[in-house]
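Notes to accompany the following structure.
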Amino acid sequence: MRRKLAAGNWKMNGTGDSLSELSALAEGHPSASVDILICPPAPLLSRAAAVASGSAVTVGGQDCHAAASGAHTGDISAAMLVDAGAGSVILGHSERRQDHGESDGDVRTKTEAATAAGLIAIVCVGESLDQREDGQTLDVIGAQMEGSVPDGMTADRLVIAYEPIWAIGTGKVPTLEQIGEVHDFMRERLTARFGEATASGVRLLYGGSVKPSNATEIFAVSNVDGALVGGASLKAADFSPIIAALESA
Ligand code: PGA
């Protein structure tokens, strides 16, 4: 069935010194019954890939451009991520949607580019606090999935991360019922669009203030296949227990 995934998003944190955390993680997990992914800042990617080589840890990007190459100063193509050693890329994170005005359409074309280059796309969706309080959560998630996920996706290339914006970096976490409601809904939407065979293979991650202390209960929620972890992925001492919780879920 679905192989679980513990994904770490370092965001704009870390320099070469931080690779010691990655090597500690790699040494701590020479093999694992779940997939382990670290997405460092782009300048660290190829060094991170070398550090993780031979361990159960893989590395990924945090964004890519929709075009294969060209006059796009500061941007990075999917092929460049692959060349640097990435196997996955996070797309449509709420910080990209907010800070860079990325629309669902943008995320969709980036996802097409990423999967065409052979990457696994981790497409992020999530509601704001206002949308949650207005009872719009499922409508928002449904629309983001419809708009951000391209047609013709296969289960081996698509991961969806549900990250309520109000839970990211805040220490606030939805109730287990709220997480379960959204994850069940996402599975239903995938089934309606892509059919049972594909939908049942797509991994659905929860993200937003996942910590060693709450990981076990979150991983017990139906249709939660892992986590996308920000702050608690920066230190091996924090991320390792989250991986262990996922392995025993
Ligand atoms: P957090 O971030 O774990 O620090 O809340 C999660 C994310 O933004 O992916």
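Computed from the coordinates by the stated procedures, all read-outs in this text should not be read as laboratory data. All figures in this text were calculated on a predicted structure; none of them were measured in a lab. Neighbour counts are summed over all protein chains in view; Cβ atoms, including those assigned to glycine, are modelled from backbone coordinates with ideal geometry.
Starting from the Cα gyration tensor of the range 1-106, multiply each eigenvalue by 5, take the square root, and state the resulting semi-axes largest first in whole Å. Walk me through the numbers on the way to the answer.
Details: eigenvalues 122, 49, 34 Å².
Gyration-tensor ellipsoid for the range 1-106: 25, 16, 13 Å.
If you plug each phi of the range 27-43 into the Karplus form 6.51 cos²θ - 1.76 cosθ + 1.60 with θ = phi - 60°, what whole-Hz ³J(HN,Hα) values come out, in order, with x for Gly and Pro?
So the J values, rounded to whole Hz, are 5, x, 9, x, 9, 7, 8, 10, 7, 10, 9, 10, 10, x, x, 3, x.
Return a whole-number percent for the relative contact order of the range 1-119, with Cα pairs under 8 Å and 6 or more residues apart as the contact set. Intermediate results must be reported in sequence, preceding the final value.
Details: 191 pairs, mean separation 26.7, N = 119.
Once normalised by length, the contact order is 22 percent.
Taking amide H positions as placed in the peptide plane 1.01 Å from N, state which residues far from Ile38 in sequence (5 or more) or on other chains have amide H under 5 Å from it.
Here the answer is Gly8, Thr58, Val59, Gly60, since their amide H atoms fall under 5 Å of that of Ile38.
With contacts defined as alpha carbon pairs under 8 Å and 6 or more residues apart, what's the relative contact order of the range 115-249 in percent? Write out the running numbers ahead of the final one.
Numbers: 208 pairs, mean separation 31.8, N = 135.
Taking the mean separation of contacting Cα pairs over the length of the range 115-249, I get 24 percent.
Would you list Ser33, Ser18 from fewest to most Cβ contacts within 10 Å?
On the way: Ser33 11, Ser18 17.
Result, fewest neighbours first: Ser33, Ser18.
Would you mind counting up the charge near Ser88? Only other residues with Cβ under 10 Å from its Cβ, with Lys and Arg at +1 and Asp and Glu at -1.
Details: positive: Arg157; negative: Asp35.
Net of charged neighbours comes to 0.
Using modelled backbone amide H atoms (1.01 Å from N, in-plane), which distant-in-sequence or interchain residues come within less than 5 Å of Ser77's amide H?
Those lying under 5 Å, H to H, from Ser77 are His65.
For the range 81-195, what is the per residue volume of the convex hull drawn over the alpha-carbon atoms, in cubic angstrom?
Numbers: hull volume 13.1 nm³, N = 115.
Dividing the Cα hull volume of the range 81-195 by its residues yields 114 Å³.
Name the lysines eligible as straight-distance cross-link partners of Lys4: C-alpha to C-alpha under 18 Å, and not fewer than 8 places from it in the same chain.
Cα-Cα hits under 18 Å: Lys211.
Ignoring everything except DSSP H segments at least 4 long, calculate the 222 nm mean residue ellipticity for the chain; use -39,500 (n - 2.57) per segment, divide by total residues, nearest 500.
On the way: 11 runs with 104 residues, N = 249.
-12000 deg cm²/dmol, from helical runs alone.
Residues with beta-carbon under 15 Å from that of Ser31, excluding Ser31: net charge, scoring Lys, Arg +1 and Asp, Glu -1? Could the numbers behind the result be given before it?
On the way: positive: Arg3, Lys4; negative: Glu27, Asp35, Glu247.
That works out to -1.
Exposure proxy check: Glu188, Glu102, Glu21, Glu127 ranked by fewest other beta carbons within 10 Å? Don't skip to the end; give the middle numbers.
Values: Glu188 14, Glu102 19, Glu21 22, Glu127 25.
Going from least to most buried by this count: Glu188, Glu102, Glu21, Glu127.
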